[in-house]
Amino acid sequence: MRVLNRFFRRAQAALVPLTPWPDGPAPADIPSGSDGANPILRLVDAWRLPRHETRTEVVARCGVVPDPIYGWPALVLADAEPLPGALAPWTASAFERIPPQFPIARFTALAWIRDDAHANLRFVADHLAASLGPAPVGQRWNTVVAAWRSGLAEISLTAWPPEWQSRDLQNPSEDREPRLRTACHVTLTTGFRLSLSARERNWVTGFRPLAFSGDVGTARMAKAGRLAPGDTDLEYVRDPDGLVEDRQRTLGLSADGAALIVVSDQLFVLPRTDILRLKVVRMTPAKGGGGSSLHAHCRTLAPGADSQTISLAQHSDPDGMTAPGQDLGRRLDCSVEVSPYYPDC
């Protein structure tokens, strides 16, 4: 611990001062190395995190065990190299709605040096800066954050300074492990996603957007494929490979009608045979403004899910997505469920 504290004191001068941003500082953008390698993924491999094994393979090797800090089911990666000050080994989610046939795309860790959230985050930030260069450290709402991004891979740091938190909130995990209150939470995202197969590429190249009253995605979201997909989306997300730059925030059928293509924050390719049904959810104004949304329920290999839900579009009117949903259901020859009206609370 004395060595870590000496390292921490030496590190302070090298860090960017804390600065408040309305939405937090942007991640430091790290270019590829001279050999074309992704520097974040190079660190992942140096730390022996299993980014090349499928989740099924890691579960078979490590098992699903209680998280050493939180107690929930997790993949505990004891063979990986821990961060300095780590409270426990690296872990990955054992959430049963994640399809198991793909590599693990997110790893998490906790680090603690002293009872100071700012100091703990800055310590980890400086440790990473030795390999990745400095990143801006700043405030996002009630947290202090820093991040590095290279391609789709990202390492993000978050700490919750106790003085910025509501005193009414209680966390049983912090009662069991008080160091959690000021620990630095580390999330590492590899950016894994599948490339388009030859058939899928033809589907995407030839699809034409459907005209309907409603929105695919939101105005503020990133262009399709600019950020890493969520773990539960991996079955249907594909690398857009520059094919949909002119069709952002659209959806439509492939030229042969065999697939539904959705261009939102990701490129989703949904084979028609994998779409089980569509669902329209209707919300009346309450605390929220109300509206409606259209979702596709698709086949999945995730052990804890009957289907994978893909968000397709939304409308500000509670009935706005009903007709477009029914029309799309006819085109896909699948059933369409229209929900009762729910208050938008």
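The values are calculated or read from the model by the stated rules, or taken from the named source; none is laboratory data. What you see is a predicted model, and the numbers here were worked out from it, not measured in a lab. Neighbour counts run over all protein chains shown; Cβ positions are idealised from the backbone, glycine included.
For region 178-216, the set of residues classified as assigned to a strand (DSSP E or B), within 30 Å of Ala117 (Cβ to Cβ) and over 18 Å from the mean Cα position of the chain (by Cα) consists of Cys184 only. Only one of the listed residues (Arg179, Arg199, Arg149) is surrounded by fewer than 20 Cβ atoms within 10 Å (Cβ to Cβ) and touching a residue at least 60 places away in the same chain (Cβ under 8 Å). That residue is Arg179. Would you check if there is a residue in region 241-248 being on the phi > 0 side of the Ramachandran plot, buried (at least 20 other Cβ atoms within 10 Å of the Cβ), free of Cβ contacts under 8 Å to residues at least 60 places away in the same chain and of a type outside the set (D, E, K, R)? No; the residues of region 241-248 include none that is on the phi > 0 side of the Ramachandran plot, buried (at least 20 other Cβ atoms within 10 Å of the Cβ), free of Cβ contacts under 8 Å to residues at least 60 places away in the same chain and of a type outside the set (D, E, K, R). Looking only at residues of region 74-105 that are part of a strand (DSSP E or B) and surrounded by fewer than 19 Cβ atoms within 10 Å (Cβ to Cβ), we find that the one that is farthest from the chain's Cα centre (by Cα) is Ala86.
All conditions but one from (1) of a type outside the set (Gly, Ala, Ser); (2) touching a residue at least 60 places away in the same chain (Cβ under 8 Å); (3) under 25 Å from Pro50 (Cα atoms) apply to Pro89; the one that does not is (2). No other residue among Gly290, Gly320, Gly304 is assigned by TED's automatic domain parsing to the domain that holds Tyr236, within 20 Å of the chain's Cα centre (by Cα) and farther than 24 Å from Gly225 by Cβ apart from Gly304.
Reported count of residues in region 293-327, each being part of a helix (DSSP H, G or I), in contact with a strand residue (DSSP E or B) (Cβ under 6 Å, 6 or more places away or on another chain) and buried (at least 20 other Cβ atoms within 10 Å of the Cβ), is 1.
If I go through region 230-268 residue by residue, how many of them are of a type in the set (A, V, I, L, M, F, W, C), under 18 Å from Asp215 (Cα atoms) and in a strand (DSSP E or B)? Please lay out each step first, then the result.
Here is the first cut: in region 230-268, the residues of a type in the set (A, V, I, L, M, F, W, C) are 234, 237, 243-244, 251, 253, 255, 258-263, 267-268.
This time we only want the ones that are under 18 Å from Asp215 (Cα atoms), so: 244, 251, 253, 260-263, 267-268.
After this cut, where a residue has to be in a strand (DSSP E or B) as well, the list is 251, 253, 260-263, 267-268.
Matching residues across region 230-268 total 8.
Of the residues in region 217-229, not one is touching an Asp or Glu at 6+ places or on another chain (Cβ under 9 Å), free of Cβ contacts under 8 Å to residues at least 60 places away in the same chain and outside any loop (DSSP other than H, G, I, E, B). Could you check, for region 53-64, whether at least one of its residues is in a strand (DSSP E or B), within 28 Å of Ser195 (Cα to Cα) and modelled with pLDDT of 95 or more? Looking for residues that are in a strand (DSSP E or B), within 28 Å of Ser195 (Cα to Cα) and modelled with pLDDT of 95 or more, one finds at least one in region 53-64, hence yes.
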